[in-house]
Amino acid sequence: KGCTDIENKVLKALQDQGITDRNALAVLMGNIKQESKFVTDICEGGKRTGYHNCRRGGFGLIQWTTESRYNGLGRVARQHRLDPNSLDAQLKWLFEEREWKKVEHIFKTEGNSISGYMRAAYRWLGWGVEGKRTTYAWDYYNRLTK
């Protein structure tokens, strides 16, 4: 309830990956909101520079920061003939990257708490600033319906 089109597309993509637990979905959505506010062409700090002009910090939906993660997005976009600024390219890379693969099974396992899934989100994203992730997760938890 009350989600934007892009939030709904991300939610559907997560569900299509086999993630069904309400807490898991809420945590993933809350972390993405903290990282990018669901803006795909955003560079760390809030500038909407696009992929090719983001020179420092993270970029995109989950703020890919390290060189290998940033370049991985570009590589996957080229392979699939997608714009690296697009949601499609970023979701494709999100689900292919090694860091996601390490924790995906946790999010696919039902019955964990929000704080339990939040620990997995930290392992996935390696965020330095917690920010409002947990607050956002609870907001999504309250908006998600069966």
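If you go through the range 57-85 and keep only what is of a type in the set (Val, Ile, Thr) and under 20 Å from residue 122 (Cβ atoms), you end up with 62, 65, 66.
Determine which member of the set 33, 92 is touching a residue at least 60 places away in the same chain (Cβ under 8 Å), on the phi < 0 side of the Ramachandran plot and surrounded by 14 or more Cβ atoms within 10 Å (Cβ to Cβ).
Working: 92 fails: touching a residue at least 60 places away in the same chain (Cβ under 8 Å).
Residue meeting the stated conditions: 33.
Sub-7 Å Cβ pairs linking a first residue in the range 109-120 that is within 15 Å of residue 31 (Cα to Cα) and at pLDDT below 95 to a second residue that is open to solvent by 10 Å² or more (accessible area, probe 1.4 Å) and part of a helix (DSSP H, G or I), at least 6 apart or interchain, number zero.
Entry remark, the range 41-88: residues being under 21 Å from residue 6 (Cα atoms), within 17 Å of the chain's Cα centre (by Cα), among the β-branched types (Val, Ile, Thr) and open to solvent by 20 Å² or more (accessible area, probe 1.4 Å) number 1 in total. Count of the range 19-52 residues, restricted to those that are under 17 Å from residue 129 (Cβ atoms) and not in a loop (DSSP other than H, G, I, E, B), is 9.
The values are calculated or read from the model by the stated rules, or taken from the named source; none is laboratory data. As the structure is a prediction and not an experimental result, all values here were calculated from the model. Methodologically, a virtual Cβ is constructed for each residue, glycine included, from the backbone with ideal geometry; neighbour enumeration extends over all protein chains shown. Ligands, DNA and RNA are excluded from the accessible area calculation, which covers all protein heavy atoms including side chains. Shrake-Rupley method; radii C 1.70, N 1.55, O 1.52, S 1.80 Å.
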